[in-house]
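Trainee: Here it is: the structure, laid out below.
The values are calculated or read from the model by the stated rules, or taken from the named source; none is laboratory data. Note that this is a predicted model, so its numbers are computed, not measured. Glycine also receives a Cβ, built like all others from the backbone with ideal geometry; neighbour counts cover every protein chain displayed. Remember, those area values only see protein heavy atoms, side chains included, never the ligands or the DNA or RNA. Shrake-Rupley method; radii C 1.70, N 1.55, O 1.52, S 1.80 Å.
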Amino acid sequence: MRRIVFLVGYHNTGKTTLAERLSEELTKRGYKVAYIKHDPKGHGRTDKEGSDTHRLFKILNRVALLGAGKLTLWEKAEDDPIKVVERYFSDMDIVLLEGWKEIKGHKKIVLGDLPVDGYKVSKDTTLEELIEYITKD
């Protein structure tokens with residue numbers, strides 16, 4: 001059964017660091033884990049303006065770059081993380097999504113004092129407690 005868990009919090013609250021720690025531990029325990037990061041302001045750059053893929057993506061709906069054992073895929077799509085999970089990550093046991101605090105109906109781990117529902121992380125919260133929250137039904 002696939003679990004979708006959002007890691008939410010203000011900027012610099014430790015979301016990515018927590019995603020790394022959870023990913024390492026869950027993988028050690030035999031789970032297939034994936035990660036998706038939200039980039040609402042479009043600051044994440046994986047394709048330089050003027051490059052071949054950048055130029056072709058202006059024309060085509062799907063462009064990819066394959067090399068050195070890594071595939072980077074650009075595809076025009078709705079900005080719906082749940083649909084992305086269903087389409088590209090259906091073979092994963094756990095998908096950690098960083099961001100999308102407004103999405104409802106899924107587990108959330110909340111860092112800092114963000115006023116949203118979910119598992120509130122404190123300085124005393126252990127990794128084991130978070131893994132139990134993620135993996136329990």
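Trainee: So which of 122, 90 ends up being of a type in the set (S, T, N, Q), assigned to a loop (DSSP other than H, G, I, E, B) and either open to solvent by 100 Å² or more (accessible area, probe 1.4 Å) or without any contact (Cβ under 8 Å) to a residue 60 or more places away in the chain (or both)? Explain how you work it out, then say what you get.
Mentor: Values: 90 fails: either open to solvent by 100 Å² or more (accessible area, probe 1.4 Å) or without any contact (Cβ under 8 Å) to a residue 60 or more places away in the chain (or both).
The unique qualifying residue is 122.
Trainee: All but one of (1) more than 23 Å from residue 12 (Cβ to Cβ); (2) open to solvent by less than 80 Å² (accessible area, probe 1.4 Å); (3) in a strand (DSSP E or B) hold for residue 82; which doesn't?
Mentor: All conditions pass for residue 82, except number (3).
Trainee: Yes or no: residue 95 in contact with a helix residue (DSSP H, G or I) (Cβ under 9 Å, 6 or more places away or on another chain), open to solvent by less than 80 Å² (accessible area, probe 1.4 Å) and β-branched (Val, Ile, Thr)?
Mentor: yes
Trainee: If you go through segment 57-65 one residue at a time, do you hit one that is open to solvent by 40 Å² or more (accessible area, probe 1.4 Å) and either modelled with pLDDT of 95 or more or at positive phi (or both)?
Mentor: Filtering segment 57-65 for residues open to solvent by 40 Å² or more (accessible area, probe 1.4 Å) gives 57-62, 64-65.
In the following step, the residues that additionally are either modelled with pLDDT of 95 or more or at positive phi (or both) were identified as none.
No, that holds for no residue.
Trainee: Can I ask one more? Yes or no: residue 37 open to solvent by 100 Å² or more (accessible area, probe 1.4 Å) and modelled with pLDDT under 95?
Mentor: yes
Trainee: So, of the residues in segment 125-137 that are in a loop (DSSP other than H, G, I, E, B) and charged (D, E, K, R), which turns out to be most open to solvent (accessible area, probe 1.4 Å)?
Mentor: 137
Trainee: Next up: Of everything in segment 102-116, what is assigned to a loop (DSSP other than H, G, I, E, B), touching a Phe, Trp or Tyr at 6+ places or on another chain (Cβ under 7 Å) and either of a type in the set (A, V, I, L, M) or crowded, with 17+ Cβ neighbours inside 10 Å (or both)? Give them in sequence order. Explain how you work it out, then say what you get.
Mentor: Initially, segment 102-116 is screened for residues assigned to a loop (DSSP other than H, G, I, E, B), giving 102-106, 112-116.
Okay, now just the ones that are also touching a Phe, Trp or Tyr at 6+ places or on another chain (Cβ under 7 Å), so 103, 106, 112, 114.
Listed by number, the residues that qualify are 103, 114.
Trainee: Select, from 28, 41, 32, 15, the only residue that is under 23 Å from residue 122 (Cα atoms) and among the basic types (Lys, Arg). Talk me through it step by step, then tell me what you get.
Mentor: On the way: 28 fails: under 23 Å from residue 122 (Cα atoms); 41 fails: under 23 Å from residue 122 (Cα atoms); 32 fails: under 23 Å from residue 122 (Cα atoms).
The match here is 15.
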